[in-house]
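Right, one structure below, let's go through it.
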Amino acid sequence: MEKQRSSFTGKIGFVLAAAGSAVGLGNLWRFPYLAAKDGGGLFLLVYIILALTFGFTLMTTEIAIGRRTRHSCIKSYGDVNKKFGFLGPIASIIPILIFPYYCVIGGWVTKYMATYIIGKGTEAVADGYFTGFITSFQSPIIWFLVFMGISAIIVFCGVEKGIEKLSKVLMPALCVIIVAIAIFSLTLKDDASGRTAMDGLKIYLIPNFDGMTFGKICRIVLDAMTQMFYSMSLAMGIMITYGSYSKRDTDLVSSVNQIEIFDTAIAILAGLIIIPTVFTFQGAEGLESAGPGLLFISLPQIFVKMGVIGNVVGALFFVLVLFAALTSSISLMEANVSVIMDNFKIERKVASVISVVIALLIGLAVCLGYNIWYFDYKLPNGSVGQILDILDYFTNNLLMPIVALLTCVLIGWVVGPKYVTDEVKLNGEKFGREGIYKVMVKWVAPILLALILVSSFGVFNNL
Ligand code: PHE
C-alpha cells in the first residue's frame, strides 16, 4: 500500500507556503527594475490585469492537477492523460536546474545580509565590490553552501514540520519588514537636489503615455507577462506539488486568490521602496539605468547616503530578501525531493540527500562560471551570459513556456476544462471566474505563452 502522502495541516499553511514560493527574488529585485525600466504606472497596470487573468488561470490549473492526482509533476501529467506523461520528466528537470543557481544567488544575499548586520555596509559601496566578490574563488562557494544548507535542513524536516512551520513565521515577518521599510522610504528627501520620495512615487503609480509607441507597449506587455510567470512560480511543478499536499476540502479559488494577492502586493510594495528611493538619490537617470545590478550595487550606494541609519535599513532590507529567497528555494528543493520520492519510491531523507548532491555539483559549476570557467556566451535572445544565465535562459525562456503551453493544450483541448473546474467546485464552492477560466485556458493563455516562447529567440528584440 502506498504510504500516506504528507500534507499541509490546513488552508493557512498551504497558502503561506505557496505564497512563500511565489514571493522571492523576482518580487524584490526583478519586479522593481522592470517597473523602473518600463515607465512605472503603465507596467503596474498591465501586470495587475495579467495576474488576474493569465496568472490566475495557470495557477488554478496547476494546483487543481496536483490536488486531483495527488502526485508530483513526474506522475501527475500521465495521470491526467497517458499520452501527456512525457511532460512529467520535462517539468521535473526545471526545478532541478533552477534550485542550484537560486541557491548561488541566495548565497550572495546571505553574504550581503551578514555584511550589513556586522555593521560593515559601507564596504559594499566600494567600486567593484560586487564583481570582486562573485568572481572570487572561495567566498561565493561558501555562501552558496550556507544558503543551500539552510534550505536542505528545512526540506529534510518535511512538509508540515519544516516547510509549513517556517512559512508561518517568515511570511508574516516579511510583511512587517516590507511595510516598515516602505513607510520609511516614503519619507526620504535628498537635501542636495531637493528631490523627495513623493515625486518618485508619482512616477511609479501614475501611468505615463508620453512618447509611447506601439512597439514600447508590446515590450511592456511582454515584460509583464514573463515577470508574472516567473513570480508566481508557475510551470515548474511547484504548484502541482504543493497542490498535491493540500487537503481536498480546502477552498481552491480563495486559496489561489490569496496567493496571487500576496505575491502581487509584495511586488508592488518592493517597487514602492525601491523606485522612490532610487529617484530621490539618483534622479530619473538612476531609474533609467536600473538593471540587474540594482539590488547588489545601486541599493548599497543609497543606504550609504542615509548615514548611520543606512546600515540598519540595509540590514533589515537584506533580512527581508533572505526570507523571501529562502521560502522560494525550499519550494524548489521540495519539488525535486517530491519527484525523486514519487519516481523511485524512496523515503524523504534519502531523496533529500540525492537532491542536495545534484544541486551541489551544478551550483559549484555556477560559482566557478564567474571564475576559472568564465566565458561569454551569446544567448539566442541576444544577451550575453555565463553558466547561471544559460541555466536561467534554458529553464525560464524555453522549458517553462513549453510546459505551460502543453499544460493548457492538455486541459483546454484534450481532457477539457471540466477536469479542473470539477476539482475547483468539489465541495460545492462557487467558481466566480469560470467563464474567464475556460476562455483563457483554451485560447488566450496558449497564445500568450507562444508569444513568450517566440520572444525567447529574440524575435521582438527591436521593438
Ligand atoms: N517565484 C519566485 C520569485 O518571485 C521565483 C521562483 C522561481 C521560485 C522558481 C521558485 C521557483 O522570485
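The values are calculated or read from the model by the stated rules, or taken from the named source; none is laboratory data. Note that the coordinates shown come from a computational prediction; the quantities given were computed from them, not determined experimentally. No Cβ is skipped: glycine too gets one built from the backbone with ideal geometry, and neighbour counts run over all protein chains shown. Please note that ligands, DNA and RNA were not included when accessible areas were found on the heavy atoms of the full protein model with its side chains. Shrake-Rupley method; radii C 1.70, N 1.55, O 1.52, S 1.80 Å.
The table for this structure:
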read-out: 13 Å reach of a label modelled at residue 415, 7 Å along Cα-to-Cβ, counting backbone N of region 233-269; value: 240, 244
read-out: Average accessible area per residue (Å²) across region 320-363 - probe 1.4 Å, nucleic acids and ligands excluded; value: 34
read-out: Surface accessible to a 1.4 Å probe, per residue, for the residues of region 226-317, Å²; value: 29
read-out: Accessible-area composition of region 214-329, carbon plus sulfur, in percent [1.4 Å probe]; value: 70
read-out: Heavy atoms of residue 334 accessible to a 1.4 Å probe, total area in Å² rounded to 10; value: 0
read-out: Set of aspartates and glutamates near residue 37 by C-alpha distance (under 13 Å), chain-local residues within fewer than 8 positions excluded; value: 223, 285, 288
read-out: Projected label distance in nm at residue 5 and residue 209, using a 7 Å step from Cα toward the beta-carbon; value: 4.8
read-out: Note, ³J(HN,Hα) from phi for region 33-49, Karplus 6.51, -1.76, 1.60, rounded to Hz, x at Gly and Pro; value: 6, 5, 4, 5, 5, 9, x, x, x, 5, 4, 4, 4, 4, 4, 5, 4
read-out: Nearest-0.05 FRET efficiency for residue 142 and residue 357, computed from C-beta distance (R0 22 Å); value: 0.75
read-out: Region 284-382: relative contact order as a whole-number percent, Cα under 8 Å and 6+ apart; value: 11
read-out: Set of lysines with alpha-carbon distance to residue 189 below 18 Å, sequence-local pairs under 8 removed; value: 202, 305
read-out: For region 59-104, accessible area per residue (1.4 Å probe, heavy atoms of protein chains only), Å²; value: 28
read-out: Accessible area, probe 1.4 Å, largest first, for residues 250, 196; value: 196, 250
read-out: Calculated diffusion of region 195-255, Stokes-Einstein form, Kirkwood radius summed over Cα pairs, 10 °C and 1.306 mPa s, µm²/s; value: 103
read-out: Estimated distance in nm for a label pair at residue 199 and residue 430, the labels positioned 7 Å out from Cα along Cα-to-Cβ; value: 4.8
read-out: Percent carbon-and-sulfur accessible area, region 1-82, ignoring ligands, DNA and RNA, probe 1.4 Å; value: 61
read-out: Computed helical MRE - 222 nm, the chain, DSSP H runs ≥ 4 contributing -39500 (n - 2.57), nearest 500; value: -21500 deg cm²/dmol
read-out: Where Cα atoms sit under 16 Å apart: lysine pairs in region 357-463 separated by 8 or more or lying on different chains; value: 5
read-out: Apportionment of accessible area to carbon and sulfur, region 368-419, percent (1.4 Å); value: 66
read-out: Amide H within-cut-off set for residue 195, under 5 Å, with H built and near neighbours excluded; value: 190
read-out: Cα-based Rg of region 197-327 normalised by 2.2 N^0.38 Å, two decimals; value: 1.29
read-out: Value of D in µm² per second that Stokes-Einstein yields for region 124-267, Kirkwood Rh from Cα pairs, at 4 °C (1.567 mPa s); value: 65
read-out: Around residue 188: net Lys/Arg minus Asp/Glu count, Cβ-Cβ under 10 Å; value: +2
